[in-house]
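Where a number appears in this text, it was derived from the coordinates with a stated rule and is not lab data. Keep in mind that this is a model prediction, so the values were computed, not measured. Quick reminder, even Gly has a Cβ in these numbers, built from the backbone with ideal geometry, and neighbours come from all protein chains shown.
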Amino acid sequence: MVLCLGAGLRAGEALTVSIAGHLGYTDADGMQVCTIQLPDRVVPIDTRYVPLLHELAEFDQSEPLVGPFNPRAKHPVGNLIDGIALPAKQRTLRLSRFRITWMVNVLSRDVRVSEFQALAGVVSAKTLETVAPFVPGRFTNGLWLRKAAGA
């Protein structure tokens, strides 16, 4: 869950991430940012989740962070989540919802669309259609108009 909420990884990506193979720090304009290095992109980890990721790093650093799972299972992530006890009225946990939450958080931080697409590993506008209703607008003041005007 940390990898999907904190770095917006897809379920399949989260299954393969290990500390030794993927976690690192990247210079981001003079500041060190904790990142996950994927084959197709580098994803910064939300600072709120870095301490938890460091706790997880105390375990075997070469093994996937999610722990042991059956890669041949039809839904290996679903099988892992099914073992989590939830209150009776709680909706079923889905990693895709955590990824969408991460997307909303990133877009709420004034990240440009092209930057967001690179971070999320998406090229389709459909993703933006899904998350846009949840990204708060700045319609109560003129800042959004000023930024759009280039002033």
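Points worth noting:
- Each residue in Arg41, Arg112, Arg99 was given a count of other beta-carbon atoms within 10 angstrom of its own, and listing them fewest first yields Arg112, Arg41, Arg99.
- Within the range 1-60: Cβ-based charge dipole about Cα centre, in debye rounded to nearest 20 (Lys, Arg +1; Asp, Glu -1): 160
- Whole-Hz ³J(HN,Hα) from phi, Karplus 6.51 cos²θ - 1.76 cosθ + 1.60, for the range 135-151, glycine and proline x: 8, x, x, 10, 6, 7, 9, x, 4, 5, 5, 4, 5, 5, 7, x, 9
- The range 14-58 - convex hull of the alpha-carbon atoms, volume per residue in Å³: 82
- Counting every other Cβ atom within 10 Å of each residue's Cβ, Tyr49, Tyr25 order from fewest to most as Tyr25, Tyr49.
- The ranking of Lys147, Lys89 by Cβ neighbour count inside 10 Å, starting from the fewest, reads Lys89, Lys147.
- Restricting the calculation to Cα atoms, the range 92-131 yields a radius of gyration followed by a Dmax of 10.1, 32 Å.
- Centre-to-centre, using Cα atoms only, the range 1-59 and the range 93-151 are separated by 20 Å.
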